[in-house]
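Chemist: Can you keep this structure in mind? I'll have questions shortly.
Values in this text are rule-based calculations from the coordinates and carry no lab data. Owing to the predicted nature of the structure, the values given are computational and were not obtained by experimental measurement. Glycine also receives a Cβ, built like all others from the backbone with ideal geometry; neighbour counts cover every protein chain displayed.
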Amino acid sequence: MAPKKLYIKTYGCQMNVYDSERMAEAMGGEGYETTERPEDADMILLNTCHIREKAAEKVYSELGRYKGLKSARPDLKIGVAGCVAQAEGEEIMRRQPMVDLVVGPQSYHRLPEMEAKVRGGGKALDTDFPEEDKFDHLKGRPKAKRGPTAFLTVQEGCDKFCAFCVVPYTRGAEVSRPAERVLREARDLVERGVREITLLGQNVNAYHGHAGGLAGLIHALAEVDGLERIRFTTSHPNDMDEALIEAHGTCDKLMPYLHLPVQAGSDKILKRMNRQHTAEQYLRLIERLRAARPDLHLSGDFIVGFPEETEADFQATMDLIEAVEYGSAFSFKYSERPGTPAAERPQVPEDEKDDRLQRLQALLTKQQRSLQDAMVGRDVHVLFEKPGRLPGQMVGKSEYLHAVHVQAEGIAPGDLARIRIESSGPNSLKGVMNPL
Ligand code: SAH
Ligand code: SF4
Ligand code: F3S
């Protein structure tokens, strides 16, 4: 029998990217292979994000687009997974009756059963937070070869309840996967060609599946032969313990790049966001990290226009950014999320938010560009990932996560090489092989 075809579209964070890979592999066991074209699919699965209003609305407009396909081929099955599935559950089927299946992020191991049910003509809904670990119940990873970089989820959920954020409601309480399973999966990935692993978690540094927490896990992973690079994301400042700070100085395989969101620089706003630390505490933490690893590149997330944010509060965020100097950053206008405490507070007008976002992004872009330009003339190590657009060109990432283009014969994906940076463009660097 010809394999059935599965089209998965992924929104949101890297954890969704990882989940989509694992779902595709699990559905492989049910006779599905993936396709890039929704028109060819027997099943369409949207893996969704609920973090901001726009992200959630995208799901409904995307579903609208599949109406024609579904009426032409009624046996096409349509499913919604991810954080919108968790947050809206049945409501999705009410708003879009052509949806057959709704599955929340902690129930993906039940997807094969749910698929059988909808194949038989029924509807399937599962938004439980079951006790078992979904990844242990999803079918094993196939042995197929894969690219040099991979994500590996080690921790899920969040207990922090920042006043603006839906994640604790959509992903549930913090849980860590046992280190033994993580290590097994990492070895398996390395056998399949992976040389760099990014450990994922909504609060990855709250990981406690290994003695010594995330630092303990990183040191254990560093022993895996053939694994050359380790990264992790996303961290909360309050879970950055001494051992993890130290690991940045002592573990060669841990890359000198850290995503450490602070969201705002005003203590009043930080308090109302329920971030549980001050701007000063964050700056002291950065100092300790830089003492452990002086060339550490920092990245962050920022929200502008949080309820009751004044111009002075916003200036405090700008001051904090000036003090830190970020190598990269993500910034967003505050978006009201139903059911979160901040949604009940007096809102900042939209044009104010727009104006602040523009000023903030101008500053962040300037910093990003100046740190990138400062790489010119320096040697970096590049892990090559794929061919570039020009003939004979390869693209990879430096230890600082800059994209680097190199024109050279004989480099293959998965190769690591020392590269001398010669120039810096808007989004990437160019370099030459420097074997000396
Ligand atoms: N666990 C991570 C963040 C996950 S959400 C952390 O604590 O950093 C990713 C980013 O989306 C957040 O860091 C925040 O900057 C942004 N975000 C979350 N909720 C938001 C909202 N309601 N409006 C605008 N941005 C939001
Ligand atoms: Fe959301 Fe805060 Fe948890 Fe991050 S730490 S996921 S921002 S509640
Ligand atoms: Fe979005 Fe859920 Fe990730 S809300 S950012 S997909 S945890």
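Chemist: Calculate for the chain the 222 nm mean residue ellipticity that helices alone would give, adding -39,500 (n - 2.57) per DSSP H run of length 4 or more and normalising by residue count, nearest 500 deg cm²/dmol. Write down the numbers at each step before the final one.
Modeler: Numbers: 15 runs with 154 residues, N = 436.
Dividing the helical sum by the residues of the chain leaves -10500 deg cm²/dmol.
Chemist: May I pose another question? Given a cut-off of under 8 Å on Cα pairs at least six residues apart, what relative contact order in percent is computed for the chain?
Modeler: Worked out over the chain, it gives 10 percent.
Chemist: Find the cysteines in the chain that fail to meet the 4.7 Å Cβ criterion with every other cysteine, and list them.
Modeler: CYS13, CYS49, CYS83, CYS158, CYS251
Chemist: Rounded to the nearest 5, what is the percent of antiparallel bridges among the DSSP beta bridges in the chain?
Modeler: Values: 22 of 66 bridges.
DSSP beta bridges in the chain are roughly 35 percent antiparallel.
Chemist: Let me have the relative contact order for region 144-255, percent, based on Cα pairs under 8 Å that are six or more residues apart.
Modeler: On the way: 191 pairs, mean separation 30.6, N = 112.
Over region 144-255, the number comes to 27 percent.
Chemist: Karplus couplings for region 196-204 from phi (6.51 cos²θ - 1.76 cosθ + 1.60, θ = phi - 60°), rounded to Hz, Gly and Pro as x?
Modeler: 3J(HN,Hα) across region 196-204, in whole Hz: 9, 10, 9, 6, 10, x, 4, 9, 4.
Chemist: Give the long-range amide H neighbours of THR198: residues separated by 5 or more places, or on another chain, with amide H under 5 Å away, using H modelled in the peptide plane at 1.01 Å from N.
Modeler: For THR198, whose amide H was placed from the backbone, the distant partners under 5 Å are ALA150, PHE151, LEU152, ARG231.
Chemist: With a cut-off of 8 Å between alpha carbons and a minimum separation of six or more residues, what is the relative contact order of region 181-319 in percent?
Modeler: Numbers: 191 pairs, mean separation 29.9, N = 139.
The value is 22 percent.
Chemist: Further, regarding this structure: Treat each spin label as a single point 7 Å out from the Cα along the C-beta direction, and report the ALA173 to LEU416 distance in nm.
Modeler: Taking the simple label geometry, ALA173 and LEU416 are separated by 3.9 nm.
Chemist: Going by amide H atoms built from the backbone, whose H comes under 5 Å of the H on SER331, apart from near neighbours?
Modeler: Here the answer is PHE302, since their amide H atoms fall under 5 Å of that of SER331.
Chemist: For the residue pair ARG37 and ASP159, what label-to-label distance in nm results when each label sits 7 Å from Cα along the Cα-to-beta-carbon direction?
Modeler: Result for the modelled spin labels: 5.0 nm.
Chemist: From the square roots a ≥ b ≥ c of the eigenvalues of the alpha-carbon gyration tensor of region 4-126, which class results: rounded (a/c under 1.5), prolate (a/b over b/c), or oblate? Before the final figure, lay out each step's value.
Modeler: Details: a/c = 1.33, a/b = 1.11, b/c = 1.19.
Here region 4-126 falls in the rounded category.
Chemist: What spacing in nm lies between the two simple spin-label points modelled at HIS137 and ALA374, each 7 Å away from Cα in the Cβ direction?
Modeler: Distance between label points: 4.9 nm.
Chemist: Can you work out the Karplus-derived ³J(HN,Hα) for every residue in region 383-392? Use 6.51 cos²θ - 1.76 cosθ + 1.60 with θ = phi - 60°, whole Hz, and x for glycine or proline.
Modeler: After applying 6.51 cos²θ - 1.76 cosθ + 1.60, I find 9, 7, 10, 7, x, x, 6, 7, x, x Hz.
Chemist: Say a paramagnetic label sat at a point 7 Å from the Cα of ASP351, along Cα to Cβ; which residues of region 292-321 have their backbone N under 17 Å from it?
Modeler: Counting backbone N atoms under 17 Å from the label point, the list is 305, 311.
Chemist: Are any of the pairs LYS253/LYS333; LYS70/LYS123; LYS5/LYS117; LYS5/LYS67; LYS268/LYS353 more than 25 Å apart by Cα-Cα distance, and if so, which? Please report the intermediate quantities before stating the final value.
Modeler: On the way: LYS253/LYS333 35 Å; LYS70/LYS123 15 Å; LYS5/LYS117 17 Å; LYS5/LYS67 18 Å; LYS268/LYS353 18 Å.
Long pairs (Cα-Cα over 25 Å): LYS253/LYS333.
Chemist: Provide the packing ranking of 98-110, 223-235, i.e. peptides ordered by the mean count of other C-beta atoms within 10 Å per residue, highest first. Please list the in-between numbers first.
Modeler: On the way: 98-110: 22.8, 223-235: 18.2.
Descending packing order for the listed peptides: 98-110, 223-235.
Chemist: Continuing with the same structure: Based on alpha-carbon centroids, what's the gap between region 374-436 and region 271-332 in Å, whole number please?
Modeler: That distance is 30 Å.
Chemist: Quick one: work out the % antiparallel among DSSP beta bridges in region 4-126, nearest 5.
Modeler: 0 percent
Chemist: A follow-up question, please. Could you pull out every residue, at least 5 positions away or on a different chain, whose amide H is within less than 5 Å of the one on VAL166? Hs are placed 1.01 Å off N in the peptide plane, and Pro or chain starts have none.
Modeler: none
Chemist: Now, a different point. Using the per-residue mean of other Cβ atoms lying within 10 Å as a proxy for protection, in what order, highest first, do the peptides 42-50, 54-62 fall?
Modeler: Numbers: 42-50: 24.1, 54-62: 15.9.
Highest to lowest by the protection proxy: 42-50, 54-62.
Chemist: Further question on the same structure: Take the alpha carbon gyration tensor of the chain, find the square roots of its eigenvalues, order them as a ≥ b ≥ c, and report rounded if a/c is under 1.5; if not, report prolate when a/b exceeds b/c, else oblate.
Modeler: Details: a/c = 1.59, a/b = 1.18, b/c = 1.35.
In terms of gyration-tensor shape, oblate.
Chemist: Would you order TYR11, TYR207 from fewest to most other beta-carbon atoms within 10 Å of each residue's own beta-carbon? It would help to have the intermediate numbers written out before the result.
Modeler: On the way: TYR11 21, TYR207 27.
With the fewest neighbours first, TYR11, TYR207 line up as TYR11, TYR207.
Chemist: I need the calculated FRET efficiency for the pair ALA72 and ALA144, taking r as the beta carbon distance and R₀ as 22 Å, to the nearest 0.05.
Modeler: Details: r = 32 Å, r/R0 = 1.48.
Here the calculated transfer efficiency is 0.10.
Chemist: A follow-up question, please. Are there DSSP H segments in the chain that both extend 15 Å or more along their axis (alpha-carbon positions) and score a mean Kyte-Doolittle hydropathy of at least 0.0? List them, or say none.
Modeler: Working: long enough: 14-28 (21 Å, -0.73); 53-65 (19 Å, -1.05); 179-191 (18 Å, -0.61); 279-292 (20 Å, -0.29); 311-324 (20 Å, 0.31); 350-373 (34 Å, -1.69).
The answer, listed by residue number, is 311-324.
Chemist: Right, another one. Could you tell me whether region 276-364 comes out rounded, prolate or oblate from its Cα gyration tensor? Rule is a ≥ b ≥ c as square roots of the eigenvalues, rounded for a/c under 1.5, then prolate if a/b exceeds b/c, otherwise oblate.
Modeler: Values: a/c = 2.31, a/b = 1.79, b/c = 1.29.
Verdict is prolate for region 276-364.
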